[in-house]
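Reading through the structure tokens given below for one structure.
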Amino acid sequence: MATLTGISTCTVTACSFNADSSCSAPAVTISGTPDHAECGTFISLDVRGGLPTASAHVGACQRVECTYNKDLLCSAESVEIGPGADTADCLTYTTA
């Protein structure tokens, strides 16, 4: 089984899964449109959720044109989530 790529940082403090610049979701989905990849797991609520200790991974990547997409999994060493074209984007996204 492939190793899941970890989320190194998340600077989207409005996300309910953000815990001190770390993602506490068990896994995130990278979605979006061509030429832009967003965190499909982003949710803005007045409550915090996720794992008690932050250890999120990219569970699936829907950006097939990304250099790091291998069989719908992310092969990057780690990814950064932060503001971009949308509130929560995959800043590691690179088109092939």
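Below, the figures for the structure above:
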| read-out | value |
| --- | --- |
| Integer Hz, Karplus 6.51/-1.76/1.60 couplings in order for segment 61-69, x for Gly and Pro | 10, 8, 8, 5, 7, 6, 3, 8, 7 |
| Accessible area in square angstrom per residue, segment 18-83, 1.4 angstrom probe | 57 Å² |
| The chain - convex hull of alpha carbons, volume per residue in Å³ | 79 Å³ |
| Where labels lie 7 Å past Cα in the beta-carbon direction, separation of ALA96 and SER75 in nm | 0.8 nm |
| Apportionment of accessible area to carbon and sulfur, the chain, percent (1.4 Å) | 54 percent |
| Residue-count net charge about CYS10 - beta-carbon cut-off 14 Å; Lys, Arg +1, Asp, Glu -1 | -4 |
| Interchain or long-range residues, amide H under 5 Å from VAL28's placed H | HIS57, VAL58, GLY59, ALA60 |
| Segment 68-91 versus segment 1-56: alpha-carbon centroid distance in Å | 10 Å |
| Residues with amide H under 5 Å from that of CYS10, placed H, sequence gap 5 or more | SER22, CYS23, ILE81 |
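The values are calculated or read from the model by the stated rules, or taken from the named source; none is laboratory data. Because the structure is a prediction, the values reported are computed rather than measured. Don't worry about glycine lacking a Cβ; one is built from the backbone with ideal geometry, like all the others, and counts go over all protein chains shown. These area figures cover heavy atoms from the full protein model, side chains too; ligands, DNA and RNA do not enter into them. Shrake-Rupley method; radii C 1.70, N 1.55, O 1.52, S 1.80 Å.
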